[in-house]
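The values are calculated or read from the model by the stated rules, or taken from the named source; none is laboratory data. Since this is a predicted model, take the numbers as computed values, not measurements. Neighbour counts run over all protein chains shown; Cβ positions are idealised from the backbone, glycine included. Just so you know, the surface numbers come from the protein's heavy atoms only, side chains and all, with ligands and any DNA or RNA stripped out. Shrake-Rupley method; radii C 1.70, N 1.55, O 1.52, S 1.80 Å.
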Amino acid sequence: MGDLLQPWHLMVLLFVFGIFFLIPAIFYILTLQKTLHQCGPVSRTMEPGMVWLLIIPFVNLVFHFFVVLAISKSVANEFARRGIPSYDPQPGQPVGLAMCICGCCTLVPFLGFAAALAHLVLWIIYWVKVADYSRRLSMFPGAIPVPGM
């Protein structure tokens, strides 16, 4: 039988990890970055490049809360600045915070699997919401000029 874990096993595991976790995470982060980038500098509460800190394991569990709050505030500020009608005073914040909480609960024994499933569903819902906010911002390009720019 030989060694239980061959080098090619590790390559297969890395490949599977990349396909199922890393690639969707990269596209998710690109969506968040694009949304923040579409907000004017005066509306932003976080620089777009900061969202890449979400790629760091375990740091992302805490930092994701900050990203959700920053995107919510930035999008709300930009909608108000551009006069875009919004029916949600805190765009994406409730579902985003629920997603973050479920993400942290995945570390709790006996709760982890259920929390992981809830996190996945909420992550997809949040991603779709943020992508919709980004789409709405691109539909209304007539931003109010920012003083000093």
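Numbers at a glance
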quantity	calculated
Relative contact order [Cα under 8 Å, 6+ residues apart], the chain, whole percent	24 percent
Full-stretch length increase - Asn77, Met139 - with 0.36 nm per residue and alpha-carbon distance subtracted	20.7 nm
Cys104 versus Phe27: modelled label distance in nm, points set 7 Å from Cα along the beta carbon direction	2.9 nm
Solvent-accessible area, 1.4 Å probe, carbon plus sulfur percent, for region 58-149	76 percent
Longest to shortest principal axis, alpha-carbon extents of region 29-129, angstrom	47, 28, 16
Cα point-scatterer Debye curve for region 1-59, base-10 log of I(q)/I(0) at q = 0.20 Å⁻¹	-0.80
Label zone at Ala114, where the point sits 7 Å out along the Cα-to-Cβ direction: region 91-105 residues whose backbone N lies under 17 Å	99, 101-105
